[in-house]
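Below is one structure, written out as structure tokens; comments come after it.
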Amino acid sequence: MTWIEDLARRADAVLPDYVSAYYHSHAGDGSCDREGIADWNAFRLRPTVLRDASAQDLTSEVLGTPVAAPILVAPMAQQVGARPEGEVLTAQGAAKAGTLLGVSTNTGARFEDIAAQGAPWWYQVYVARNRDATRLLVERAAAARARALILTVDTTPLGREVPAIDPRNWPEGPRKNRTANLTAEELERFGKDTDMALDLTPDTIGWLAEVSGLPVVCKGVLTARDARRCVDAGAEGIIVSTHGGRRLGTSVTSAYALPEILAEVGGEVEVHVDSGVRGGAQAAAALALGAKAVHVGRPVMWGLAADGADGVADVLATYQAELVTTLRQMGIGSVKDLRPADVVTRVSR
């Protein structure tokens, strides 16, 4: 059993069954989720010798923000299901680890309370049917010192439709879902128009940048063509993501898609990746291919459930420690020295 599998087991032991099931849920039969992990494990790292690896430097910058390591926290909804304080505790853990977190549109915490924990953060945007609702949210996020917007561009419904675990059907109800940063009056006024819009176009990127004054990073991109469209429309970053295998159950994995996207736009904007990266060695593979940063989702959520802010910090610290060990064993002193040509090969499964 890996340490992440053990962590998931400990989290499941303290979570209500329906919350645990929601966190584990995936699209279709789960093949995208499973293969997303397997594809990262199919990379092999190529050690080099007779190089000074006496010290390892993990420090990096993401869109100009310094981080202790290029291991970031992915935006995740329903963190209040793990702990009532939700993202406030996650932000505390991220601050302790010296890294940045993404904050979901569906956060149950106020932006100001998240920002007060000291970790830099990006706001993940599901554009609403009523653009005025989105405008209010991104303006408030910017006022609370969000550093960037993460625009989720694949806004089709999630590939899991299980009424028993849908947060709207949890016994405690969706009290904190999407409510923390809109007033009761605003929620009543917008009604169902706060649901996700299905009519996004490349123009949405420029509109968000204009109303927020923040850089826009597009998440959910899995092809070079779409990456090009996003960048040409003004995106300053791409996150290659299957949302942990929760959209299209038969889609390509992030590990599969990353190289072609890097080849298309990697020289122009930052390219990040998530979905299935389950340790420091796998993160090293992603960084060697050319990813600027790796985002971690479910393991952070399980850490939050098991041990609160300390659990989040421990997960991030373990990724960082594994990355240090991997670099040392590869004879590399800095994450900045990782290169695709001489560090990583892909093996067939």
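Counting helices only, and only those DSSP H runs with n ≥ 4, report the 222 nm mean residue ellipticity of the chain as the sum of -39,500 (n - 2.57) divided by its residues, in deg cm²/dmol to the nearest 500. Result for the chain: -12500 deg cm²/dmol, rounded to the nearest 500. For the stretch 56-61, backbone phi angles converted through the Karplus equation (6.51, -1.76, 1.60; θ = phi - 60°) give residue-by-residue couplings of 10, 10, 9, 4, 7, 10 Hz, Gly and Pro being listed as x.
Amide H to amide H distances under 5 Å link K219 with L151, T152, V153, I239, where only residues 5 or more positions off or on other chains count and H is placed in the peptide plane.
Return a whole-number percent for the relative contact order of the chain, with Cα pairs under 8 Å and 6 or more residues apart as the contact set. If you can, show how the numbers build up before the last one.
Values: 713 pairs, mean separation 97.5, N = 349.
Worked out over the chain, it gives 28 percent.
Recomputing Rg/Rh (Cα atoms, Kirkwood Rh) from the coordinates shown identifies the correct label among (i) 0.95; (ii) 0.98; (iii) 1.07 as (i). In plain terms, the chain from D337 to M196 could stretch by 46.7 nm, reckoned as 0.36 nm per residue minus the Cα-Cα distance. Within the chain, C32 have no other Cys Cβ under 4.7 Å of their Cβ and so lack a disulfide-compatible partner by this rule. When both bridge partners sit in the chain, DSSP labels roughly 20% of those beta bridges antiparallel.
Sequence-ordered 3J(HN,Hα) estimates for the stretch 203-220 from the Karplus curve with 6.51, -1.76 and 1.60 and θ = phi - 60° stand at 5, 4, 5, x, 4, 4, 4, 5, 6, 9, x, 10, x, 10, 10, 9, 10, x Hz, glycine and proline given as x. Exposure proxy shown here: for L208, L15, L50, L100, the number of other Cβ atoms within 10 Å sets the order, fewest to most, as L50, L15, L208, L100. Amide H to amide H distances under 5 Å link S60 with V67, A69, where only residues 5 or more positions off or on other chains count and H is placed in the peptide plane. With θ taken as phi - 60° and the Karplus curve 6.51 cos²θ - 1.76 cosθ + 1.60 applied, the whole-hertz 3J(HN,Hα) list for the stretch 293-299 is 7, 10, 9, 10, x, 3, x Hz, x standing for glycine and proline.
Read-outs throughout are calculated quantities, based only on the coordinates presented, and are distinct from any laboratory measurement. These numbers were taken from a predicted model, which means no experiment stands behind them. Cβ: placed from backbone, ideal geometry, glycine included. Neighbour counts: every protein chain shown.
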